[in-house]
Amino acid sequence: MTAAEVEELIRAGVPMADDLGFKVDEVGQGYAHTRITFTERFIRPGGTISGPVQMALADASMYAAVLASLGKVEMAVTSNLSINFLQKPAPCDLKAQAIVLRLGRRLAFCEVRLLSGGEGDEQLVAHVTGSYALPAT
């Protein structure tokens, strides 16, 4: 699947992706590069992007990497997500680099790096691991 096809499938199945300004920049076998467009609505007290927004980006990014690897598996669902917040994201677009670590018949294990900052000056702000349960074929 192309980046545009993956984004369209996610936006159709998870309408909240539209609210987040979720974009799929690049996909390939075993990976996806995604982002959300910054808006003031994402800010929580303390001037940082809220945890739920970061988790939503990570989850959608894992889904994008799974779709890029397997094709149209709309019934793949998150079975686990663990996030470590490392530092405050800047008030700007938040980027994600998702990779599929292991792709089994029933589970896909993924890792996501959330990045904040301008081009060439991006900082790792969160590290995420998770798994997706895959539908029976």
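Brief remarks on what is shown
- Answer from LEU9, LEU67 - the residue that is under 18 Å from ARG102 (Cβ atoms) and either aliphatic (A, V, I, L, M) or open to solvent by 50 Å² or more (accessible area, probe 1.4 Å) (or both): LEU67
Residue-by-condition table, conditions (1) closer than 22 Å to GLU7 by Cα; (2) in a helix (DSSP H, G or I); (3) hydrophobic (A, V, I, L, M, F, W, C):
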residue: ARG35; (1), (2), (3): yes, no, no
residue: ALA58; (1), (2), (3): yes, yes, yes
residue: GLN87; (1), (2), (3): no, no, no
residue: GLN97; (1), (2), (3): yes, no, no
residue: VAL100; (1), (2), (3): yes, no, yes
residue: LEU114; (1), (2), (3): yes, no, yes
residue: LEU124; (1), (2), (3): no, no, yes
residue: THR129; (1), (2), (3): yes, no, no
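- For ALA96, the conditions (1) of a type outside the set (Ser, Thr, Tyr); (2) touching a residue at least 40 places away in the same chain (Cβ under 8 Å); (3) touching a Ser or Thr at 6+ places or on another chain (Cβ under 9 Å); (4) open to solvent by 80 Å² or more (accessible area, probe 1.4 Å) are fulfilled apart from (4).
- In the range 31-43, of all residues being open to solvent by 20 Å² or more (accessible area, probe 1.4 Å) and not acidic (Asp, Glu), the one that is nearest to SER131 (Cα to Cα) corresponds to TYR31.
- Among the residues examined, LEU81 does not qualify as over 26 Å from ALA136 (Cβ atoms) and of a type in the set (A, V, I, L, M, F, W, C).
- The residues on offer are GLY28, GLY46, and the sole one that is over 15 Å from the mean Cα position of the chain (by Cα) and surrounded by fewer than 22 Cβ atoms within 10 Å (Cβ to Cβ) is GLY46.
The values are calculated or read from the model by the stated rules, or taken from the named source; none is laboratory data. Note that this is a predicted model, so its numbers are computed, not measured. Every residue, glycine among them, receives a Cβ derived from its backbone with ideal geometry; neighbour counts consider all protein chains shown. Accessible surface areas use protein heavy atoms only, side chains included; no ligands, DNA or RNA. Shrake-Rupley method; radii C 1.70, N 1.55, O 1.52, S 1.80 Å.
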